[in-house]
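Asks: The structure follows.
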2 protein chains.
Amino acid sequence: MRKTDDITHVAVLGSTGSIGQNTLEIISHFKDRFKVVGLSAGKNTKRLSHQIKTYKPDIVSLREKKDADELKDMKWDHPMEITWGPEGAEKVAGFDKNDVIISAITGINGLRPTLAAVKTGKRLGLANKESMVAAGALINQESSRSGAEVIPVDSEHSGVFQLLHKENLREVNKVILTASGGPFFQLDPKELENQSVESALNHPRWSMGKKITIDSATLMNKGLELIEAKWLFHLPPEKLGVLIHPQSIVHSLVEMRDGSVLAQLSRTDMKIPIQLALTYPHRRESLLPSLDLSKVKALDFFEVDFKKFPLLEMALKALSREQSFSIALNASNEAAVHSFLKKDIRFSDIWEVVIEVVEETEERSVNNIEDILKIDQETRKRTWEKIRKRN
Amino acid sequence: MRKTDDITHVAVLGSTGSIGQNTLEIISHFKDRFKVVGLSAGKNTKRLSHQIKTYKPDIVSLREKKDADELKDMKWDHPMEITWGPEGAEKVAGFDKNDVIISAITGINGLRPTLAAVKTGKRLGLANKESMVAAGALINQESSRSGAEVIPVDSEHSGVFQLLHKENLREVNKVILTASGGPFFQLDPKELENQSVESALNHPRWSMGKKITIDSATLMNKGLELIEAKWLFHLPPEKLGVLIHPQSIVHSLVEMRDGSVLAQLSRTDMKIPIQLALTYPHRRESLLPSLDLSKVKALDFFEVDFKKFPLLEMALKALSREQSFSIALNASNEAAVHSFLKKDIRFSDIWEVVIEVVEETEERSVNNIEDILKIDQETRKRTWEKIRKRN
């Protein structure tokens, strides 16, 4: 990681979302070490304006031109470039002053800016898992070309990253991501079908965005994380596994071939992996109180019942299929979850529709972003059609 | 670690004990990588003879001259030096062909051979915790002089070793050793007093020698391990802690200052740390089936009630006292436990006697082995006297 004047310059893509806000909070805490130089947001002009006042970035971007124009009309007491659209986010990602780019735009929209960040050869803190799911091979190719350092920004992968960084991959038998199991993992499969939006959003451990909370209830989130782990850590399918762990304290486990299992634990707070992505290879004092296992008392572990969570099973399949399979799985799931959130379909329709759509997708390898986005768009369309026909 | 012909030459001190036998079992499994060159034992001539036939070492030693003479009178089909006594064990430890010395003699008797091993500058696999407790400063001084690599051979310290080996000590907030709690940790203090030898020997998790099993029931074993950890990992007292964890699956935890906690888990089998001490920095396939957390189901953690385990509290004190304090604590405890095993004293007499004796010991720093052994002997004598007077 390149540093200027001992201050690390950070761009935050998706600055008004949950990861973005947490990133800025950490930067505020370590003012003498980090400086925000770029921010990119969606439609939350109000929150972005507030962030601009606090952090005085050199460049900002919004999704819509009208929002960017609104910002331009306001009075700012420092010079700043204001831009918009996908190209705007890419411009923030590729901004020359960046030392670290935190990529925290949700969904497939994060792909282009993430790729732009990887191409700079700087450090990328990756919270946008869809990038790796849809374009893992491409991102790995670009990062080895540019020398970019990709550090995962979510609890499970950050845990694996910490555990693996000093181990020899040949000596690793298995990397296990834990899943809280969401609100339904103890229900009968029959009881799952008609779960309401409200009950699916009632996650027992993490407070997150709506899309990812639904993905946690179907365990699709863990499926996407497995695919992400495959690309991040160069792991073959047989070395990846999942365990249900309702307390979400142990985030991941690495089983070494000599019988030792290494684990990473922490409070369920995104600030921990975000901070590590900023400070790695160093670790700075946490803003949080330390984890007291005698207060947590028990850590429980259960096998996953794949029959109950067919989307997780599909994600496991995706590990040994062509990239198009993962792209379609992710796109169709994103479309179906949004329909569920709008109450257009039942809970169990999510996986029924997604599995049908993915199985109808022609499998092929994909080597450029245009093809990736084309498969993504086509899959969404077919998902919407299927949902329309159902209703 | 120096290697000859790609074969690592191993000496096992205490070869007929539990750790010794496990070490030889691993070596048998990895015949193409390890060769036994030296064995030292106590009085078990029969088992040692058997080991000699199997492993054909170049040098062996027994505690007593008469046992060595008995061995010399037997017919061996390979040339071998047979020696005896403390000097014999030291000779095995310092044998020129050794690449690795596993020090697994129990009690303070392991100190001289351990020091002899450290002085060779080879790798030392240290299972004799009393060496570090009584002579930590001296061993560290000798190992930095000779360049010897000290790798701990017990589950807790091997876990810490694996977790710390590439972390920056300044970034470590706390190293926590887990204790199973032994058979009594859920009893009332009042119920502890009159526990029988039989019930104290009934350890719920580990099958070990008698002395260490009693030390597990008083939690003194964990106390000795804390003192050992202080010297092995150069940790100040405030960075050391203990948690009760009845399942003994998590052996140790390292809390980093950024809020991440790294943990090492495995089956409760000594072969795992022994194997690592032999193969480090590499890891070889385990002889054991892998750990399945979904079968273990729950990992529980409890705070230690120090009032119930006053010897552990004494060990915590020892962390910030002169070495003489640790020497006396260990020696007096060893004497008192043997009296308890002979049913001369009650269970609670162990700590009552030990605490009295240690508090009467004049505190001072100790820099040579003669002084260490003198304090050790004097303390034992005072302990026996106190026990005699009580009865």
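Every read-out reported here was derived from the displayed coordinates using simple, explicitly stated rules and does not represent laboratory data. From a predicted model like this one, the values you see are computed outputs, not experimental measurements. Positions of Cβ are backbone-derived with ideal geometry, glycine not excepted, and every protein chain shown enters the neighbour counts.
Asks: Which residue of chain A is nearest the rotation axis onto chain B, counting by its Cβ, and what is the distance in whole Å?
Replies: Of all Cβ atoms in A, the one closest to the rotation axis yields A:LYS166, 2.
Asks: Hey, how many Å between the Cα centroid of segment A:131-194 and the Cα centroid of segment B:338-363?
Replies: With segment A:131-194 and segment B:338-363 each reduced to a Cα centre, they are spaced 53 Å.
Asks: A follow-up question, please. Given N residues in segment A:55-175, what is Rg(Cα) / (2.2 N^0.38 Å)?
Replies: Normalised Cα radius of gyration, segment A:55-175: 1.23.
Asks: Considering the alpha-carbon set of segment A:155-315 alone, what are its Rg and its Dmax in angstrom?
Replies: Every Cα atom of segment A:155-315 included, Rg and Dmax give 16.0, 48 Å.
Asks: Follow-up. From other protein chains only, count the Cβ atoms within 10 Å of every residue's Cβ in A:263-272, then give the mean.
Replies: 4
Asks: For A:LYS389, go 7 angstrom from Cα along the Cα-to-Cβ vector, then report the distances to that same point in the other copies in nm, smallest first.
Replies: Nearest to farthest, the other copies are at 9.5 nm.
Asks: If each label sits 7 angstrom from Cα along the C-beta direction, how far apart, in nm, is A:ASP96 from its counterparts in the other copies?
Replies: So the distances to the same position in the other copies read 6.8 nm.
Asks: After finding the eigenvalues of the alpha carbon gyration tensor for chain B, what semi-axes result from the square roots of 5 times each, listed largest first in whole Å?
Replies: After diagonalising the Cα gyration tensor, the semi-axes are 31, 26, 21 Å.
Asks: What FRET efficiency do you get for B:SER290 and B:ASN140 if R0 is 35 Å and r is their Cβ-Cβ distance, rounded to the nearest 0.05?
Replies: Taking R0 as 35 Å, the efficiency between B:SER290 and B:ASN140 is 0.50.
Asks: First select every other residue whose beta carbon is under 15 angstrom from the beta carbon of B:GLY88; then total the charges, Lys and Arg +1, Asp and Glu -1.
Replies: Local charge sum for B:GLY88: -1.
Asks: Right, another one. Among A:ALA135, A:ALA229, A:ALA68, determine the one that fluctuates most according to a GNM of chain A built with springs between C-alpha atoms less than 10 Å apart.
Replies: Looking only at A:ALA135, A:ALA229, A:ALA68, the largest GNM fluctuation is found for A:ALA68.
Asks: Right, here's the next one. Once the dipole of segment B:222-315 is set up with Lys and Arg at +1 and Asp and Glu at -1 on Cβ about the Cα centre, which of B:LEU265, B:PHE302, B:PRO237 lies farthest towards its positive end?
Replies: Farthest towards the positive pole: B:LEU265.
Asks: Can you give the charge dipole size of chain A about its Cα centre, rounded to the nearest 20 debye, using +1 on the beta carbon of Lys and Arg and -1 on the beta carbon of Asp and Glu?
Replies: 760 debye
Asks: Sticking with this one: Can you tell me the order of A:273-279, A:55-61 when each peptide is scored by its average per-residue count of other Cβ atoms within 10 angstrom, highest first?
Replies: Top of the packing list down: A:273-279, A:55-61.
Asks: On to the next question. Work out Dmax and Rg for the protein assembly as shown from the C-alpha atoms and quote the Rg first, both in angstrom.
Replies: Expressed in Å, the Cα Rg and Dmax of the protein assembly as shown come to 30.5, 102.
Asks: Take each of the peptides B:144-150, B:221-227, average the number of other beta-carbon atoms within 10 Å over its residues, and list them starting from the highest.
Replies: Per-residue mean Cβ counts within 10 Å order the peptides as B:221-227, B:144-150.
Asks: I've got another one for you. In whole angstrom, note down how far apart the Cα centers of segment B:5-38 and segment B:40-70 are.
Replies: After rounding, the separation between the Cα centres reads 15 Å.
Asks: I would also like to ask the following. Mind listing the label-point distances from A:GLU370 to the same position on all other copies, shortest first, one decimal in nm, points 7 Å along Cα→Cβ?
Replies: Going from nearest to farthest copy, the values are 8.7 nm.
Asks: Moving on to the next point. First select every other residue whose beta carbon is under 10 angstrom from the beta carbon of A:ARG112; then total the charges, Lys and Arg +1, Asp and Glu -1.
Replies: Residues near A:ARG112 contribute -2 overall.
Asks: Another question, if that's okay. Could you work out the relative contact order of chain A, using alpha carbon pairs under 8 angstrom and six or more residues apart, expressed as a whole percent?
Replies: 14 percent
Asks: For chain B, set up a Gaussian network in which alpha carbons nearer than 10 Å are linked by springs, and say which option among B:SER28, B:SER294, B:SER158 fluctuates the most.
Replies: Among B:SER28, B:SER294, B:SER158, the largest GNM mean-square fluctuation belongs to B:SER294.
Asks: Another one. For segment A:123-261: lysine pairs with Cα atoms under 19 Å, gap of 8 or more or different chains, count?
Replies: Lysine pairs meeting both conditions in segment A:123-261 amount to 15.
Asks: Just tell me which lysines come within less than 20 Å, Cα to Cα, of A:LYS56; anything on the same chain fewer than 8 places away is out.
Replies: Once the sequence-local lysines are set aside, what remains near A:LYS56 is A:LYS3, A:LYS31, A:LYS35, A:LYS43, A:LYS46, A:LYS72, A:LYS75, A:LYS91, A:LYS97.
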